Amino acid sequence: MELPEFAPGLSARVELTVTDADTAQSLGSGDVPVLATPRVLALAEAATVAATARQIPGGVTTVGTRAEIEHRSPTPLGRRVTAQATLTKVDGRKLFFEVTVQDGDVLAAEVRIERIVLDRQRFIARAFGD
């Protein structure tokens, strides 16, 4: 597998309008009707995937291996949040991202995500015991 060239600074943004399905109540991570921490993490990961999508060759993918999240502020239903992921470091097959999640001018969360570049088919085969 030939590794794609990823350079620090690579970035992408994804957005989400908070619905009932995104709340802590709905996801079982709490009992309040605000954006759930697991949904914040999923949004942050989506931004990291988007950041690498344009440069990743067929047959290669990235998977998350580590995440650290600081959920700073509650986001109510109907609000639009934006996750901005930036690749900060590349170490061989490891990619390190910093992600900010904004609710307008409010910093709702900061997330650090580590992903690894790998052969997609080999990974799937290993996961299913083939």
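Data overview
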quantity: Matching residues, segment 71-130, being more than 15 Å from the chain's Cα centre (by Cα), under 30 Å from Val18 (Cβ atoms) and not polar (S, T, N, Q); calculated: Arg72, Pro74, Pro76, Leu77, Gly78, Arg79, Arg80, Asp103, Gly104, Asp105, Val106, Leu107
quantity: Thr65 being at pLDDT 95 or above, touching a strand residue (DSSP E or B) at 6+ places or on another chain (Cβ under 8 Å), surrounded by fewer than 16 Cβ atoms within 10 Å (Cβ to Cβ) and farther than 15 Å from Ala12 by Cα; calculated: yes
quantity: Residues that are at pLDDT below 95 and loosely packed, with under 15 Cβ neighbours inside 10 Å, drawn from segment 5-21; calculated: Glu5, Ala7
quantity: Single match in Ala109, Ala85, Ala44 (criterion: crowded, with 20+ Cβ neighbours inside 10 Å and not in a strand (DSSP E or B)); calculated: Ala44
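The values are calculated or read from the model by the stated rules, or taken from the named source; none is laboratory data. Note that the coordinates shown come from a computational prediction; the quantities given were computed from them, not determined experimentally. In this analysis, Cβ positions are derived from the backbone assuming ideal geometry, glycine residues included, and neighbour counts consider all displayed protein chains.
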